[in-house]
Each structure stands twice: as structure tokens, then as C-alpha cells.
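I have placed the structure first, in the form of C-alpha cells, so that the comments after it can refer back to it.
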Amino acid sequence: MRLVQYTDTAGAQHVAIVEDADTLIPLVGVSTTRELANIAISLGGTMIDTAKTHKGDTRIDYNEVVESGRLLPPVTHADPAHFLVTGTGLTHLGSASARANMHKADNKAADETDSMKMFRMGVEGGKPKPGEHGVQPEWFYKGDGSIVAHPGADMPSPSFALDGSEEPEIAAIYVIDPYGNPARIGFAIGNEFSDHVTERQNYLYLAHSKLRACSMGPELLLGDLPSHVEGMSRVYRDGKVIWEKPFVSGEDNMSHSLANLEYHHFKYDLFCRPGDVHAHFFGTATLSFADGITTQDGDQFEIEAAPFGRALRNRLKVQAERKVTVKAI
């Protein structure tokens, strides 16, 4: 089952089941996926079963919702500060080569980079036995819920950015229950948009490079994630494809298990605050930047994978410079 969030023509928020490529079935008595998750948690049920009990009798045109720009991200929070967006890197088999080349100094060509060491650690210890904890992955913070661009909307890139490029990834979505326990409510295809030129200057700039917008959805996949996911990532310019490449994800293609990645995020009390929402990106091995593509204002990103329904599309929009003034008081 897959869900979407959208607004009606009056601006009210709704959540609906995706019946097919053209039809949505709105839920009744619930208006957000977070609210649905809280009901499921309180009843000890699953998202799928809870959605079924709230399934309405009406149907609406999915295409009309999309064309009128009323799609929302698959999860939202009334207070964006309580929606944390984070991720892990070097988690996919094949993800180390481009990263290692990006960070390798010319005069140290024979040295193993920190990126390659981190990747090798994941290959050797990222899938622990049940009941054991594996090696820590690379981890990064992207921002709060205010950075999540709506499906179909502009992907803002700050004026000071040196690059703005897509990263096709799967994001897992979580709600923290009243007792501080994380509950995974589903998965979404995502664009973990980053500044790779800034990152390439120095690995210590990774944190800066990740403080950018992102997008996910439009559909929330309920239940388990397939162990093998195949998708396609594209960049359009003036309506024409200038780059496209298949990507794979799912645990069969990863050096870490999902359970290990989840443990190393939620082991921190800070990330177990009741009522919070988390979107956690699981990494990728496919980037247009690694193939020499330099994006431009107006380029469109498209990321799709069959288990997640409709493709995720966003258009790159470079923002005007904002003057920064700090006042001493």
C-alpha cells in the first residue's frame, strides 16, 4: 500500500491511499500520515491495517491533484522544528569509488582515503548478526522540516552554493511514540540534494555541503522495503534529458543493514523525543556529478523506482543572495 498527502482546493490537508496510477482514495477521520501513525501506535496496529479502517468511499483524480500543485511531502509536522532530516553515506556497494576520487589529494594518490576506509569498515562490519551492533556509518544532518521541498516544486539552492546536484536515495520515515520509541511508518523515494563541489574541496566541508534542501515522495510505501530496488535518475534541461542512469538500492545492494543504520541513529536520546518526525536518507552510489554533469538553474531532476509509484520531480532554483547581518545587543 502507498499513501500520499495533499491539500484540497480550500487548502485543507488530507491523506489518501493510492488505488492506481490515476486514482486516490481519501481517508476519513484522519488528515495526515503522522496522525494515522499515532492512531496505529495507540492501537498497537500497523499503518496498512489502520489505513484500511479509515478508507473512505470517494475517489479523486490523482492527475488533477498533481497538475494543480497540491501534492505534499509524504510526511509533515505542524512544527517543522520537530521534523529532523538526516542521512548516512558510503552505505551502498559501489558508492566508495566516486567519493574516494573526490577527496583524494593529488600528492597522496597512493594513500587510502578516509572515505575508502569508512566504506571498507561498512563492508566488513555493517551487517551484524541479530542481537549485535555493527560498525557506525558516516552520518550527517541536513536540516529540519522546513528544507523539504514539495513534490513538483522548486528545489532551492542558495546563492553561495558551488553546486546543486541530485542524489537518488530511499528515505525511511519515523514517528517517535509517547514513550520515546521510534516507529518506522514507511519508505519514500528521495532526492538528497547536495553541494558536491563544496564537499570536494575538503572532506571537512561535508557538513556544509549537506545543509541544503531535499525532497521525497510523493508516495509513502507502507510495509517492508524490498531487498532489491531498481530505479532511474534523470536530469532534464530545456525539456531534454542531458543525463540518465539506473540506480539500485535495498539491502542486497548495501554494505550496511537497515537495522544497523537505524540503531546508530536512534541510539542518541536526542533523536527519541516523543512526537518528533524523522526522515533518514540511506545513501546512494549514483550521481550525475560523478559523471561530469554541472547543473544549471532551471534543470529538472526526476527520480523514480517502481515500488514507490509516481516519479519525484523538482526543478533547480538558485536563490537570490540574502544579506547576513548580525546585531550585537
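What percent do you get for the relative contact order of the chain when only Cα pairs under 8 Å and 6+ apart count? Please report the intermediate quantities before stating the final value.
Numbers: 755 pairs, mean separation 73.5, N = 329.
Relative contact order, the chain: 22 percent.
Taking the chain as a Gaussian network, Cα atoms linked when under 10 Å apart, which of Ala51, Ala188, Ala40 shows the biggest mean-square fluctuation?
Ala40
Note down the net charge around Ala78, summing +1 for each Lys or Arg and -1 for each Asp or Glu among other residues with Cβ under 14 Å from its Cβ.
Values: positive: Arg34; negative: Glu35, Asp79, Asp144, Asp276.
Net local charge, Ala78 excluded: -3.
Say we join alpha carbon atoms closer than 10 Å with springs in a Gaussian network model of the chain; which of Asp154, Asp297, Asp79 then has the biggest fluctuation?
Checking each option, the largest mean-square fluctuation is seen for Asp79.
What share of the DSSP beta bridges in the chain is antiparallel, in percent to the nearest 5?
Details: 60 of 71 bridges.
DSSP beta bridges in the chain are roughly 85 percent antiparallel.
By the gyration tensor of its Cα atoms, with a ≥ b ≥ c the square roots of the eigenvalues, what is the shape of the stretch 250-329: rounded for a/c under 1.5, prolate for a/b over b/c, or oblate?
Numbers: a/c = 2.10, a/b = 1.09, b/c = 1.93.
Since a/c reaches 1.5 but b/c is at least a/b, the shape of the stretch 250-329 is classed as oblate.
Can you show me the helix-derived [θ] at 222 nm for the chain, built from DSSP H runs with n ≥ 4 at -39,500 (n - 2.57) apiece and divided by the number of residues, rounded to the nearest 500. Working shown, then result.
Details: 8 runs with 64 residues, N = 329.
Rounded to the nearest 500, it is -5000 deg cm²/dmol.
For Arg59 and Leu162, compute 0.36 nm times the residue count separating them, minus their Cα-Cα distance, and round to one decimal in nm. If you can, show how the numbers build up before the last one.
Details: separation 103, 0.36 × 103 = 37.08 nm, distance 4.48 nm.
Fully extending the segment from Arg59 to Leu162 adds 32.6 nm.
Determine which lysines satisfy two conditions relative to Lys127: a Cα distance under 23 Å, and not lying fewer than 8 residues away in the same chain.
Lys117, Lys267
Let me make sure I get this right: for the stretch 113-203, a, b and c are the square roots of the gyration tensor eigenvalues over alpha carbons, sorted descending. Under 1.5 in a/c it's rounded, otherwise prolate if a/b > b/c, else oblate. Which is it? Intermediate results must be reported in sequence, preceding the final value.
Working: a/c = 2.39, a/b = 1.17, b/c = 2.04.
Oblate shape, in that a/c is at least 1.5 and b/c is the bigger or equal ratio.
Using alpha carbons only, how many angstrom separate the centre of the stretch 252-293 from the centre of the stretch 144-175?
Each part reduced to its Cα centre gives a spacing of 15 Å.
Run the dipole for the stretch 147-306 about the Cα centre, Lys and Arg Cβ at +1, Asp and Glu Cβ at -1, nothing else charged, and hand back the magnitude in debye, nearest 20.
Working: 10 positive and 24 negative charges, 61 e Å.
Once rounded to the nearest 20, the dipole reads 300 debye.
On the protein heavy atoms, probe 1.4 angstrom, tell me the percent of accessible surface of the chain carried by carbon and sulfur.
On the way: 7870 of 15390 Å².
Solvent-exposed carbon and sulfur of the chain make up 51 percent of the total.
Report which label in [x] 19.2, 57; [y] 28.1, 104; [z] 19.7, 67 holds the value of Rg and Dmax of the Cα atoms in Å derived from the coordinates of this structure.
[z]
Fully extended, how many nm does the chain gain between Gln319 and Thr9 (0.36 nm per residue separation, minus their Cα-Cα distance)?
On the way: separation 310, 0.36 × 310 = 111.60 nm, distance 2.82 nm.
Going from the current span to full extension adds 108.8 nm.
Cα centroid distance between the stretch 11-28 and the stretch 176-227, in Å?
The distance from the Cα centre of the stretch 11-28 to that of the stretch 176-227 comes to 24 Å.
How much length is gained if the chain between Ala328 and Ser227 is pulled fully straight, taking 0.36 nm per residue apart and subtracting their Cα-Cα distance, in nm to one decimal?
On the way: separation 101, 0.36 × 101 = 36.36 nm, distance 5.35 nm.
Separation in residues times 0.36 nm, less the Cα-Cα distance, equals 31.0 nm.
Per residue, how many Å² of accessible area does the stretch 228-329 show with a 1.4 Å probe?
Here the per-residue accessible area is 52 Å².
Local charge sum around Pro168 (other residues, Cβ-Cβ under 10 Å, Lys/Arg +1, Asp/Glu -1)? Let's see the in-between values first.
Values: positive: Arg234, Lys245; negative: Glu166, Glu167, Glu169, Glu192, Glu302, Glu304.
Counting the neighbours of Pro168, the net charge comes to -4.
What does the C-alpha gyration tensor say about the overall shape of the stretch 204-260? Classify as rounded when a/c is under 1.5, otherwise prolate if a/b is larger than b/c, or oblate. Provide the component values of the computation, followed by the final result.
Numbers: a/c = 1.78, a/b = 1.23, b/c = 1.44.
Cα axes put the stretch 204-260 in the oblate bin.
The values are calculated or read from the model by the stated rules, or taken from the named source; none is laboratory data. Please read all numbers here as calculations on a predicted model, not as lab measurements. Glycine gets a Cβ as well: all are built from the backbone with ideal geometry, and neighbour counts include every protein chain shown. Remember, those area values only see protein heavy atoms, side chains included, never the ligands or the DNA or RNA. Shrake-Rupley method; radii C 1.70, N 1.55, O 1.52, S 1.80 Å.
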